[in-house]
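The structure under discussion appears below in the form of structure tokens.
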Amino acid sequence: MLNYCFSNKPLAIFLLMSASISPTYAAEESRGGISNSVNKIITDSSADISLRNQFKNLNTSDYGERSVQTAWGQGVTLDFRSGYLADVIGFDTSYYQVFKLAASDEFAGRSILYNDNGKAKGFHKFGQLYAKLKFDGEDSYFRLYSGWQIINKWGALTNSSRAIPSTYQGWRMDSELGRVAFRGAWVDRYSDRGSPDQVHFQTADRKKNISYLATGELSYKQKDYSVLYFYGESHNYMQRHGVEVGWQPQSLAKNQGRVLTMLYMNHGLKDFKAMSSDYRPFNNDAWHAAFYLDWKQNKWKNKLGASWTKANSSDDHLGYFERHMAKNSRGRFNSMADAWGNDYVGNNEKSVAWTTEYKISPEVNIGLQSAIGWGMKYHSRSIERGETIFFSRWKPSWENNLSFQLSGGPSWNYQSKKNRPILTDDGRPKRAVNHSVEFQIDYAFNLF
């Protein structure tokens, strides 16, 4: 544990800064009762345990040969959050453990269990360990976090979860003044949701490490609308710009209606352009434009979206919009083109997606999610794909912290290898017919 702390450079620097500030607060508190300040970091602390049992099965031929990938694991998360010393400084930590319950012989991770050279294993780690600092004003605040931490929809970065969540090492800040907010992050390492390893970011061909990812966002919110701009860069590899505009018209207030439009742009830098087209998803620039509308009506919950992508590639490859800023990272992407079965982000691809959910009872919801994509062409042959996923959720009334989810269904894609569709004898892109099944059980409770 001590080695973990001292090997974490951002966290170590932050703690040294905190130590240099503390004598000032100590002098003040000694006159007003230092025990109150020290007690707050303990009395305002809390701890929770979260349990997630997750099973995933995917039967796919996306990459030519049919593969059946199954993983079943039990995740355990212990979260601790301290109070603030002098109402300024504190720390949080999270311990994760995943137990292997079952896995197929053709194990490919499924991002639940650890893929150790093709062998499925359980694992454990301290996924979060960070110091936190805050300053609060009447209509403003400033927050700073340093160390290993979850970063979710923060500028160009986000995280993801299976049995446990993925985390980053670095700095993260959040500030607000009135209706204007600014966020930023600088990170240099990553720990995936299905691995105990702490790894560097890499180029898509895994031939070169990327020293850091940096991002910032500026947003403005009113009652009826919101505007957000973000910028991100993976060092010498890729730049990303994003604009998201939200509208919550008063005419749809009763139905909690909302429209979100977005435009994302990727620009390749030196190390990106140096890669072979087998790994480079586009030549120089790629664009993705999308919108969605969601609303509720009585027992119904609906979401409808559409998107368009431009991502030219060369050397007989089929380009696509890369959602992530680098290998071993996760990129912010709120478009419905990121669906359960496929990612509808191919060059010239248009997509429509919709989700309908119905509340059968106060405890049970059922739903259907579908998507179709069209407009891509390879060797002048059109490519279409789609999916239909059924899902259900049960949250029993006798235990609010317990929930069950079950989902599954077929999807249709095209087979590919190294950004090239695999062709039939008559030159058509080969179809891939896939199906998936997933269930998830969540339970959480507070320790103190």
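Near the amide H of residue 128, within less than 5 Å, lie the amide hydrogens of 94, all on another chain or at least 5 residues away, with H placed in the peptide plane. Considering only 394, 287, 412, the mean-square fluctuation computed in a Gaussian network model of the chain, springs between alpha carbons under 10 angstrom, is largest for 394.
Just checking the listed ones, 54, 248, 239: in the Gaussian network model of the chain with Cα springs under 10 Å, the one fluctuating most is 248.
Shown are 296, 254, whose ranking by accessible area with a 1.4 Å probe and every protein chain present, most to least, is 254, 296. Separation of the alpha carbons by more than 29 angstrom is noted, of 100/299; 56/418; 301/350, for 100/299.
Computed with a 1.4 Å probe over protein heavy atoms only, the accessible area of residue 360 comes to about 90 Å².
Measuring gaps between exposed loop sites in the chain (GluC sites (Glu not before Pro); DSSP loop; at most 16 other Cβ atoms within 10 Å), the longest gap, sites not included, is 139-362. Of the accessible area of the range 42-446, computed with a 1.4 Å probe over protein heavy atoms only, carbon and sulfur atoms account for 53 percent. Per-residue SASA remark: residue 442, around 30 Å² accessible (1.4 Å probe; ligands, DNA and RNA not included). How would you classify the range 42-446 from its alpha-carbon gyration tensor, with a ≥ b ≥ c the square roots of the eigenvalues: rounded for a/c under 1.5, else prolate if a/b is greater than b/c, otherwise oblate? Rounded, because the longest to shortest axis ratio a/c is under 1.5. Phi angles of the range 330-340 translate, via the Karplus equation with coefficients 6.51, -1.76, 1.60 and θ = phi - 60°, into HN-Hα couplings of 10, x, 4, 7, 9, 6, 6, 5, 7, 9, 5 Hz per residue; Gly and Pro are given as x.
Of 180, 88, the order by accessible heavy-atom surface (1.4 Å probe, DNA, RNA and ligands excluded), from most exposed downward, is 180, 88.
Measuring with a 1.4 angstrom probe and ignoring ligands and nucleic acids, residue 430 comes out at about 80 Å² accessible. Against the criterion of solvent-accessible heavy-atom surface with a 1.4 angstrom probe, 262, 173 sort, most first, into 173, 262.
For the chain, the per residue solvent-accessible surface stands at 49 Å², with DNA, RNA and ligands left out and a 1.4 Å probe.
Between 342, 413, 36, the Gaussian network model of the chain with springs among Cα atoms under 10 angstrom shows the greatest mean-square fluctuation at 36.
Using C-alpha pairs below 8 Å separated by at least 6 residues, the relative contact order for the chain is 12 percent.
The values are calculated or read from the model by the stated rules, or taken from the named source; none is laboratory data. Computed from a predicted structure; not experimentally measured. Cβ atoms come from the backbone with ideal geometry, glycine included; neighbour counts cover every protein chain shown. Accessible surface areas use protein heavy atoms only, side chains included; no ligands, DNA or RNA. Shrake-Rupley method; radii C 1.70, N 1.55, O 1.52, S 1.80 Å.
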